[in-house]
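Accompanying notes for the structure given below.
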Amino acid sequence: MKALMAAYQAKLYRKSISAVAMIEGSFPKIILAWVVFVALAGMLRISFASSLINSSASLLQTVTPYVLLGLSPLAAFWIAGQLFPRGVLMQQPEIRLSRYGKWQSVDVLAAREHPLFGPTGMMASLLIGMLINVPVRSLEFLAAVPAMNGNAPLWGQVLFAAMTFDVVVMNFLYVLCFMAALRCAPWFPRFLVVVWGLDISSQLLMGQIVGGTAGLPLGVGDALSSLLQGNLQKVMISMAIWLPYLILSERVNLTYRARVALAPAQSSLQLPR
């Protein structure tokens, strides 16, 4: 049984390596697919806009959110390429925030030579989840929020602006987190925690702003409440699953904090990798 489990774990680990390598090698295809998807979905949404497009200003107001939706992940990819170049040795933060456990710092070069170094194993699942979150969140926005402009009622304008801001900013931040994790940037764990906090704050703030807008129909308010609650639940579930892993994992501590457990023979049985 132990031999079978070991073989199965080795198989999953090899698959995680292949998945991460495939994603990094497929960036041009991913970007092209994203541009095509947003262009087609945006044109479809604009074709069935819920407010009248009767001027160049109203057309610009209707089109701009979908342009921003398409550009935000691309901007994050480009900025991350400048911030986290491939193969560059990055300095560890001076202040340690994760202090649970007994760890020993190691040289950056020695850490990179360690078999546990890199965003593979369970880390690959976290990377894929962050990347998938972008199209999923975008689909929710496209499905739930009709295209509107200045000819819409005030509550419609506020709803469209708030939801656009949320999806554009959070897509940007999650892609930036993904790239930081992929390039083994030491700031990744704390940056992801900050993004989770911003995501939660964004959902709560949207509920207050849109829900407090005069004239908001009851049905729209109920649908918005359900959407925001669903988003909050997803973020909280992600935090419950991945925050302990980010703190306890030997792989995470080695890859992003350049440190190993003081008793590796024991910790390998206790800590997720």
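Across region 35-47, not a single residue is classified as among the polar types (S, T, N, Q) and surrounded by 12 or more Cβ atoms within 10 Å (Cβ to Cβ). Being loosely packed, with under 14 Cβ neighbours inside 10 Å and modelled with pLDDT under 95 is a property that holds for Ala265.
If you check Met123 against the conditions, is it hydrophobic (A, V, I, L, M, F, W, C), buried (at least 21 other Cβ atoms within 10 Å of the Cβ) and more than 13 Å from the chain's Cα centre (by Cα)? It is true that Met123 is hydrophobic (A, V, I, L, M, F, W, C), buried (at least 21 other Cβ atoms within 10 Å of the Cβ) and more than 13 Å from the chain's Cα centre (by Cα). Screening Leu142 on (1) in a helix (DSSP H, G or I); (2) touching a Lys or Arg at 6+ places or on another chain (Cβ under 7 Å); (3) at pLDDT below 90 shows it passes everything except condition (3).
Can you spot a residue in region 115-125 that is more than 26 Å from Met239 (Cα to Cα) and either out of contact with any strand residue (DSSP E or B) (no Cβ under 8 Å at 6 or more places or on another chain) or not polar (S, T, N, Q) (or both)? Yes, some residue in region 115-125 is more than 26 Å from Met239 (Cα to Cα) and either out of contact with any strand residue (DSSP E or B) (no Cβ under 8 Å at 6 or more places or on another chain) or not polar (S, T, N, Q) (or both).
Taken together, the criteria place Arg183 among residues that are more than 17 Å from Lys234 (Cα to Cα) and of a type in the set (Lys, Arg). Test Ser98 against the criterion of being among the polar types (S, T, N, Q) and touching a Lys or Arg at 6+ places or on another chain (Cβ under 6 Å), and give yes or no. No; evaluated as a whole, the condition is false for this residue.
With respect to (1) assigned to a helix (DSSP H, G or I); (2) under 17 Å from Ala181 (Cβ atoms), the lone exception for Gln92 is condition (1).
Of the residues Ser55, Ser51, the single one that is of a type in the set (S, T, N, Q) and within 19 Å of Ala162 (Cα to Cα) is Ser51. Filtering region 179-198 to residues that are within 9 Å of the chain's Cα centre (by Cα) and either closer than 19 Å to Ala258 by Cα or not in a helix (DSSP H, G or I) (or both) leaves only Leu192. Look at Pro135 and say whether it is in contact (Cβ under 8 Å) with a residue 24 or more places away in the chain, closer than 19 Å to Val67 by Cβ and out of contact with any Lys or Arg (no Cβ under 7 Å at 6 or more places or on another chain). So Pro135 fits the description; yes. Does Phe27 fit the bill of being under 30 Å from Leu154 (Cβ atoms), of a type outside the set (Asp, Glu) and touching a residue at least 24 places away in the same chain (Cβ under 8 Å)? Taking the combined requirement at face value, the residue does not satisfy it. Beta carbons closer than 6 Å, at least 6 apart along the sequence or on distinct chains, pair a first residue in region 217-245 that is assigned to a helix (DSSP H, G or I) with a second that is among the acidic types (Asp, Glu) and surrounded by 12 or more Cβ atoms within 10 Å (Cβ to Cβ) for Val235/Asp199. Number of residues in region 143-194 that are among the β-branched types (Val, Ile, Thr), without any contact (Cβ under 8 Å) to a residue 40 or more places away in the chain and under 30 Å from Leu52 (Cβ atoms): the value is 1. Here Trp155 meets the list (1) out of contact with any Gly (no Cβ under 7 Å at 6 or more places or on another chain); (2) over 28 Å from Gln91 (Cβ atoms) almost entirely, failing just condition (1).
The values are calculated or read from the model by the stated rules, or taken from the named source; none is laboratory data. Remember, it's a predicted structure, so these values are computed and weren't measured experimentally. Reconstructed Cβ throughout: ideal geometry from the backbone, glycine too, with neighbour counts over all protein chains shown.
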